[in-house]
Amino acid sequence: MSGQRYSQDRKAEVRAALQLDSEPDDEFMALLAEVGEGDVAAGPMVPIHARGYTPDEIEDVVINATTGELLARARGGRTLASIGEKVGVTRARIQQLERSTNIEIATFVRVAKACGYEVSVRLRPLRPGLPPLSAVLGAPDAT
């Protein structure tokens, strides 16, 4: 690197332009002069191949899962035992439910509620003319 010194004004401009936490030193300024500011600020040119997704495709990726997978997501970082205690079942039963694809609705509602979620059901019409229907399952706490 060159032994060139850069003015405080120029360093302040670079700091603001690149949104740096502190003022750059002379070594950084020399490197910047060598590679050019545009390349540093813009970052590497990486082609991004993106395609549009329909709302139904996004829902399939983000929301649709087995009932057990939904419960596992809802549990988050909480332990199987802590959720089981809230529901009144064993840790092993919660684990079994999370691995299941066929859960009784009442059980699903109880576990989801213990995880801090309300369960709702949405019926999407398969043919034109039918209205969408939805319902919330389980009564909210009286607390």
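FYI, it's all coordinate maths here, none of it is from the lab. This one's a predicted model, so the numbers in the text were calculated from it and none came from an experiment. Note that we place each Cβ from the backbone using ideal geometry, even for glycine, and neighbour counts take in every protein chain shown.
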query: Which members of segment 87-115 meet the condition of being hydrophobic (A, V, I, L, M, F, W, C) and closer than 20 Å to VAL136 by Cβ?
result: VAL87, ILE103, ILE105, ALA106, PHE108, VAL109, VAL111, ALA112, ALA114, CYS115
- prompt: Considering only segment 74-94, how many residues are of a type in the set (Val, Ile, Thr) and assigned to a helix (DSSP H, G or I)?
  reply: 3
